[in-house]
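A.B. asks: Handing you this structure, nothing more for now.
The values are calculated or read from the model by the stated rules, or taken from the named source; none is laboratory data. Here the structure is a predicted model, which means the values were calculated and not measured. Cβ atoms come from the backbone with ideal geometry, glycine included; neighbour counts cover every protein chain shown.
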Amino acid sequence: MTDRVLQSQPPSYRAIDQRAGRLAKADLALRDDEKCDPWPPLQPLSLFVGVLTFVDSLIGIFMASEEDKQVMQIVLELLVLSISAVMLFVESVDTAILACLRGNSSQTEGAEDDEPTVSPFVRQRRFLHYFARYLFFPMGRTVMYSFLAVLLYAQWPSRADVYLAHVLVVTALSNFAVSWTCSPKLRQLREAFVNSNDIAETFAQFPDALGNGLSPAQFKDMCRLVGISLTRNELAAAIQALDATQDGSILQAEFITWWECDI
C-alpha cells in the first residue's frame, strides 16, 4: 500500500521523500562519525603551535647568545619565522582573535550575533589562497608543518626546539588524518552533482545563502542532503579549502568553481 502511494505521487514529491530519507540516514552517520572522531579541533591546536613557533624563532634571533649567533643559525630562525607567520595567516589567527574579542564584548553587552567575523586582512588571505592554494588543504598543511619540524630538529641540541618539533609532528599527523578522511568525502560531494543547474537547485533550498553564501552549518546540511556526513575537523577543512573569498561562507560561484576544477 505504501509503495503504491509513493508511486502515485508526482516525481517532485518522490524526490523530496528520497532526499529526506537520505538526510535521516546521513544524520545517523554523522552522529556515528562524530563519536568516532579521535582528533581534537585542529584549528586551535594549529594556532597554538604556530604562535609557539613564531615566538621561539623571535627568541632565537634576538635573545640568542653571541656563540649561537652564527649565519646558518640565523638563516634557519628567519626561515622558521617566515613559514610560521604564513601558517598563522593561513590558520586565520586574525579572525580567531577578532572572534574572541567579539565574544567577550557580546557577553558584556548581553547580546548574541551569529554573523561571521570578517578580518580586515581578508584581501591578503584571498591573495594567498589564489597563489598558494595547497596551504588551505590539510595535505598541504601537513607538508608545511613537517618541514617546520625538520627545521627545528636541525637546531639540535636545543631542547626547546626539539620539544616544539615533536608538537609540530603531532600537528602534521593530525592534518594528515583529516586529509585522509576528508578527501574521499569531498570527491563524493563533487560526484553528487551532475551539472551547475543541479548545484543551483540545491543552493536554492537555502534562501538565506543565495546572497551571503552558505554558513558552515548550512554547508554541513547541504552535505547531509546528498548523503555525506562531515566531522567537525572535516567541515572546517572543507570550508577552508572551498572558501576562495575567505569570508567564512561558501558562495554558489565558489562551489561551482571548485566543482569544475580537479583539485
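A.B. asks: Does segment 228-242 contain any residue that is at positive phi, in contact with a helix residue (DSSP H, G or I) (Cβ under 7 Å, 6 or more places away or on another chain), surrounded by fewer than 19 Cβ atoms within 10 Å (Cβ to Cβ) and in contact (Cβ under 8 Å) with a residue 60 or more places away in the chain?
C.D. replies: Within segment 228-242, none of the residues are at positive phi, in contact with a helix residue (DSSP H, G or I) (Cβ under 7 Å, 6 or more places away or on another chain), surrounded by fewer than 19 Cβ atoms within 10 Å (Cβ to Cβ) and in contact (Cβ under 8 Å) with a residue 60 or more places away in the chain.
A.B. asks: Sticking with this structure for a sec: Any residue at all in segment 185-195 that's of a type in the set (S, T, N, Q), within 26 Å of L81 (Cα to Cα) and assigned to a helix (DSSP H, G or I)?
C.D. replies: No.
A.B. asks: Counting only residues that are modelled with pLDDT under 75 and of a type in the set (D, E), which one in segment 39-70 is nearest to T231 (Cα to Cα)?
C.D. replies: Across segment 39-70, the extreme among qualifying residues is D68.
A.B. asks: With the checklist (1) assigned to a helix (DSSP H, G or I); (2) within 13 Å of the chain's Cα centre (by Cα); (3) buried (at least 19 other Cβ atoms within 10 Å of the Cβ) in hand, flag the one item C223 doesn't pass.
C.D. replies: (2)
A.B. asks: Looking at segment 243-259 only, could you name the residues that are surrounded by fewer than 17 Cβ atoms within 10 Å (Cβ to Cβ) and either in a loop (DSSP other than H, G, I, E, B) or without any contact (Cβ under 8 Å) to a residue 12 or more places away in the chain (or both)?
C.D. replies: Within segment 243-259, just A253 meets the criteria.
A.B. asks: Could you grab me the full set of residues in segment 226-242 that are farther than 23 Å from S174 by Cα and either aromatic (F, W, Y) or part of a helix (DSSP H, G or I) (or both)?
C.D. replies: Result: no residue meets the conditions.
A.B. asks: Further, regarding this structure: Please determine, by comparing only the residues of segment 194-216 that are in contact with a helix residue (DSSP H, G or I) (Cβ under 9 Å, 6 or more places away or on another chain) and exposed (fewer than 13 other Cβ atoms within 10 Å of the Cβ), which one is nearest to Q252 (Cα to Cα).
C.D. replies: A204
A.B. asks: Output the residue which, of all residues in segment 154-184 that are in a helix (DSSP H, G or I) and over 22 Å from the mean Cα position of the chain (by Cα), is farthest from S57 (Cα to Cα).
C.D. replies: H166
A.B. asks: State which residue pairs qualify: first residue of a type outside the set (F, W, Y) and at pLDDT below 90 and inside segment 157-171, second residue surrounded by fewer than 17 Cβ atoms within 10 Å (Cβ to Cβ) and part of a helix (DSSP H, G or I) in any location, beta carbons under 8 Å apart, and separation of 6 or more residues or different chains.
C.D. replies: Filtered contacts from segment 157-171: D161/Y153.
A.B. asks: Taking L235 as meeting all but one of (1) touching a Lys or Arg at 6+ places or on another chain (Cβ under 8 Å); (2) farther than 30 Å from M87 by Cβ, write down the number of the exception.
C.D. replies: That leaves (2) as the condition not met.
A.B. asks: Here's a follow-up. Report yes if some residue within segment 175-197 is among the charged types (D, E, K, R) and closer than 25 Å to E77 by Cβ; otherwise report no.
C.D. replies: no
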